[in-house]
Amino acid sequence: MNAPRLDAENSSESRAGSARFVATHWSVVLGLGQGDASEFAVAFERLCRAYWYPLYAHIRHQGYSAEDAEDLTQGFFLHLLERRPFAGLDPSKGRFRSFLLGALKLFLADQRDRASALKRGGGRPCVSLDAAEAEARYRLEPMDDGSPDRLFERRWAIALLDRVMARLAADYAETGRAELFRHLEPFLVEGAHTKPYAVVADELHLSEAAVNKAVQRLRQRYGRLFREEIAQTLADPAEVEDELRHLREIISS
């Protein structure tokens, strides 16, 4: 899979910016694990709503049906909200994705012991899941006999990338530049067969220099959003660059 590029010229700016992420969603969850229930639920729900698909796909990959996978995903989230198994976590190793996968394995083992996929919460979902869209995505995935953990990480990275692209598109749409984004988006993807700047400039009625500048700004904005999104899943924002390198390696593999 070709991933959107992150220009090296933006690295120093982004590293400096990462220090400004004082409170990430995951650090809030860790800090409120034993505290205010409503604040905890809001922070945790934001993370789960953004990154639940890798969990769903991991469960499906274990041989569960689509219906059972949906029930188990919801049951898992409710289990975490009720039990709050965060107090003993080491913030210095606090990657949300790593915690989720480990906790999910324990949860599924417990469910297998019970020999049923329990429906929890009286049928009331605790996180909004689009099960139909998830199953459609899962059926389009290529057959892969790789490590389940590696597959989970790859799905996590792709989910994060998709979320960043959605935020970027929304930014341009909100400022009346949706058409500009449509023309420039291909220039984000490494290895993409893009049109020459001169052709895009003619289509947008801009100068070639203006298109070049617009592409640079798009890549810079993408880089900032990518790092912001990564930071929200870490306890320590100083680890953003290490996580970025890891996720890029996963996406490119």
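All of the numbers you see were taken from the coordinates with simple rules; none came from a lab. Not measured: the values here are computed from a predicted model. Glycine also receives a Cβ, built like all others from the backbone with ideal geometry; neighbour counts cover every protein chain displayed.
Below is a table of values for the structure above.
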quantity	calculated
Relative packing of peptides 153-159, 183-189 - highest average C-beta neighbours within 10 Å first	153-159, 183-189
Dipole of the stretch 134-253, positive end: most advanced residue of Val199, Val164, Ala231 [Cβ charges, Cα centre]	Val199
Shape call, the stretch 157-214: gyration tensor on alpha carbons, a/c limit 1.5	oblate
Pairwise FRET efficiency - Gln216 versus Ala131, Cβ, R0 = 35 Å, nearest 0.05	0.30
